[in-house]
Amino acid sequence: MGNQDAAPAFGKPRKTPDYYAAVTAFITSLRSTTPQRQIAGMLNGAGYRSPTGKPFNRATVANFLRKKSI
């Protein structure tokens with residue numbers, strides 16, 4: 001019932017809490033030694049996608065860091 005591919009309601013998270021915890025841990029472990037562009041490539045290589053479903057890039061990693069106050 002309902003559209004499983006529909007975007008969540010305005011203001012609701014696009015992914016599960018487990019997704020955010022995993023991506024946050026991944027980024028945090030690399031942040032001090034790895035450039036954001038390289039972190040994006042590693043996230044993509046590990047099969048992660050941004051909260052909007054697109055591949056990570058430098059800007060999405062930077063936004064993730066800023067929004068999560070990492």
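The values are calculated or read from the model by the stated rules, or taken from the named source; none is laboratory data. All of these numbers come straight from a predicted model, not from anything done at the bench. Counting neighbours? That spans all protein chains shown, and the Cβs are built from the backbone with ideal geometry, glycine included.
Within segment 51-70, residues that are closer than 13 Å to residue 31 by Cα and touching a residue at least 24 places away in the same chain (Cβ under 8 Å) sit with their Cβ atoms under 7 Å from residues that are surrounded by 13 or more Cβ atoms within 10 Å (Cβ to Cβ) and charged (D, E, K, R), at 6+ positions apart or across chains, in these pairs: 70/31.
Taking the criterion of being surrounded by 12 or more Cβ atoms within 10 Å (Cβ to Cβ) and within 13 Å of residue 20 (Cα to Cα), the residues of segment 47-62 that qualify are 48, 49, 50, 51, 61. I'd like the full set of residues that are of a type outside the set (S, T, N, Q) and not in a helix (DSSP H, G or I), limited to segment 51-70. Of everything in segment 51-70, those that are of a type outside the set (S, T, N, Q) and not in a helix (DSSP H, G or I) turn out to be 51, 53, 54, 55, 56, 68, 70.
Of the residues making up segment 46-70, those that are of a type in the set (D, E, K, R), at pLDDT 90 or above and in contact with a helix residue (DSSP H, G or I) (Cβ under 8 Å, 6 or more places away or on another chain) are 54, 58. Entry remark, segment 31-45: residues being at pLDDT below 95 and either in contact with a Leu (Cβ under 6 Å, 6 or more places away or on another chain) or surrounded by 13 or more Cβ atoms within 10 Å (Cβ to Cβ) (or both) number 1 in total.
Looking across segment 15-30, the residues that are surrounded by 13 or more Cβ atoms within 10 Å (Cβ to Cβ) and at pLDDT below 90 come down to 15, 19, 20.
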